[in-house]
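Undergrad: What follows is a single structure, and I will ask about it in a moment.
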Amino acid sequence: MSQLVAITTLALSQAILTLPAFANATNTNESLTAERKKALTHIVKQDCGSCHGMTLKGGLGPALLPENLEGKTVPFLQYTILHGRTSTAMPPWKSLLTEKEALWIAEQLKEGKVADK
Ligand code: HEC
């Protein structure tokens, strides 16, 4: 009997643990708070802007406006942000940004939502 209770408890706690992960997989941006999004927008303008230009029109790094990123997919841009590009000035950001955050930034860049804010 106590074994059954233990198994049921285990199954229940596993269901609870896997639920949020599943929710995240279907909507990857769900857990980014409005506050974090604001902070990320600030990072893109200040930190990324130091190379890509405050308005993302380019500088040491290329312009990151939607017209410049045409033909480049969101996952490709996300990968570039997380891992940087070897033998270029583009640094990896994976120690500062989560995969989800890099994905969100890539989406914002593709949609031109950072430059005009
Ligand atoms: C130290 C300078 C520097 C900083 C800081 C920097 N980048 Fe870059 N980035 C570059 C350079 C240089 C390239 C071009 C690499 C190449 O030649 O392929 C690049 C390329 C990219 C690309 C690919 C563009 C394309 O057309 O394929 C993206 C996306 C990007 N950066 C996003 C970011 C984001 C987001 C940040 C901030 C989190 C950031 N970068 C910070 C220098 C920088």
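Undergrad: Can you tell me how the range 49-117 classifies by the Cα gyration tensor, rounded, prolate or oblate, using a/c under 1.5 as the rounded cut? Intermediate values should be presented prior to the final figure.
TA: Values: a/c = 1.45, a/b = 1.15, b/c = 1.27.
Rounded, since a/c falls under 1.5.
Undergrad: Apply the Karplus parameterisation 6.51 cos²θ - 1.76 cosθ + 1.60, with θ equal to phi minus 60°, to every residue of the range 105-111 and state each ³J(HN,Hα) to the nearest whole Hz, in sequence, with x for glycine and proline.
TA: 4, 4, 5, 5, 5, 4, 8
Undergrad: In nm, give the distance between the simple-model label positions of Ser87 and Ser31, each being 7 Å from the Cα along the Cα-to-Cβ direction.
TA: 3.7
Undergrad: How large is ³J(HN,Hα), in whole Hz, for each residue of the range 38-51 in order, when computed from phi with the Karplus curve 6.51 cos²θ - 1.76 cosθ + 1.60 and θ = phi - 60°, using x for Gly and Pro?
TA: My calculation for the range 38-51 gives 5, 5, 5, 4, 5, 4, 4, 6, 7, 6, 5, x, 4, 10 Hz in order.
Undergrad: Something else about it: In whole Hz, what ³J(HN,Hα) sequence does the range 59-68 give by Karplus (6.51, -1.76, 1.60; θ = phi - 60°), x for Gly and Pro?
TA: Here the 3J(HN,Hα) series is x, 5, x, x, 4, 10, 7, x, 5, 7 Hz.
Where a number appears in this text, it was derived from the coordinates with a stated rule and is not lab data. Keep in mind that this is a model prediction, so the values were computed, not measured. Cβ sites come from the backbone with ideal geometry, for glycine too, and all protein chains shown count toward neighbours.
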